[in-house]
Structure formats: structure tokens, C-alpha cells
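What follows is a short report on a single structure.
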Amino acid sequence: MPQGPRNTPWNQPAWLQFTSIDHGIVPHHVPYPLVRRLDQIFGWAAAKALEGEEIETPPEYAALAVLDDFPGIDQRRLAALTGLDRTNVGHLIDRLEAKGLVNRDVSGADRRARELRLSPQGKKIRRRLRPKVVKAQAQVLSPLASAEQDILIDLLIRVVKANESNARPGAGRRKPRSRHAASA
């Protein structure tokens, strides 16, 4: 196989060629630190858009958006769709319910389960805030041309879908405990 600079194969993506530096990598040119930084930037932009609103945090807005799009789901599904830990989603729903924005109803299919729905006030707030949150995200992406923004979103969707089984809160921080180890 033909070799590029520093004995890297020519058919590698440029970011891999760039990181093939003796004794390490350049962290600001590899996916994880860039995606982590972009997440921080989007979080800041969403928080800024929500300043002074009834919804105080990006996860609260995300919960409203998901419940508006998928009325009647349970907390487990909400956690999966927002990428939040189930315990944190429980606390989040408690806060939103206390504000009168979310209703928990007993499921007709399983009396132990609770279906989550936006209250009329929750729907009103989501509709009012949506343009502000979308505008904040558009401003973050504004260095890219419109077509580049669409390509970025398409590529992100492809990568996330291909790795969906690994998309769980806490993934990579510690190994999952087996049921047998937990009962020992």
C-alpha cells in the first residue's frame, strides 16, 4: 500500500493522516474533542436562548420538544430520545410537572406505567420557544453555507444511527455491571 507522510496510508481520511504524529495525536483535530466542544457550544447557545424563560435548561426544552413530537411515551423512552439518564429524566419530569407543563397519566395498556404528555401550557411554551432555540442553533452553524449545514446534519445522523447501540448515558465511563455481579 502506498504510504503518505509519516508512513500513513494514502487512503486514510485527512484527520487520521494529520494525527499520525510520532508520540501522540493532536487532540483538537480528532472527532471526540471537536464533537465535545461543539456540544458545549450548542449547550451555551440553547441556554442563552432560554434565559429568563420558564424553561431554564436545554434538557428541559429537549423534553418538551420530544413530548410534543411523541405524546404518550414513558420516561424510559423519553430518556432514550433525549440521551439523558433515566434517573435525571425522572427529576426533570418532576420539575416540569410542578411547573404545570407536563402531565403524567396512568397507561391504559399497563397500569404500572405512566404516559407523559404536554399540558396546554407546555405546548404553548414549546411553540413560543421553538423559533428562539432553532435560531440559536442556526447561528452556531452560520459559518457553514446552507448546503454544508445540510451535509453536516446528514453525516451526523448517519454516524449516530450506525452507533445507536452505544448511545446511552454513561457509556464509556465505566463497564456495565452484569446482573450476576450485582447480586453477589
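Close amide H partners of residue 119, meaning residues 5 or more places away or on another chain with modelled amide H under 5 Å apart, are 102, 103. Phi angles of segment 130-147 translate, via the Karplus equation with coefficients 6.51, -1.76, 1.60 and θ = phi - 60°, into HN-Hα couplings of 3, x, 5, 5, 5, 4, 4, 5, 5, 5, 4, 7, 4, x, 9, 5, 3, 5 Hz per residue; Gly and Pro are given as x.
Going by neighbour counts of Cβ atoms within 10 Å, the residues 57, 87 line up, fewest first, as 87, 57. Pairs of lysines in segment 31-164 whose Cα atoms sit within less than 27 Å of one another amount to 14, provided the residues are eight or more positions apart or on different chains. Among the GluC sites (Glu not before Pro) found in segment 80-149, not one is both in a DSSP coil and sparsely packed, with 15 or fewer other Cβ atoms within 10 Å of its Cβ.
Note on segment 35-103: Kirkwood hydrodynamic radius from all Cα pairs is 12.5 Å, rounded to one decimal. Are there trypsin sites (Lys or Arg not before Pro) in segment 102-148 that DSSP marks as loop and that have at most 10 other Cβ atoms within 10 Å, and which are they? Passing both the DSSP loop test and the Cβ count: 111, 112. Here the gap between residue 37 and residue 157, fully extended at 0.36 nm per residue and compared with their Cα-Cα distance, gives a gain of 41.4 nm. About its Cα centre, segment 31-164 has a charge dipole of approximately 240 debye under the convention of +1 per Lys or Arg Cβ and -1 per Asp or Glu Cβ, with nothing else charged.
Quick note: the coordinates plus some simple rules give every number you see, no bench work behind them. Here the structure is a predicted model, which is why all the values come from computation and not from measurement. Neighbour counts are summed over all protein chains in view; Cβ atoms, including those assigned to glycine, are modelled from backbone coordinates with ideal geometry.
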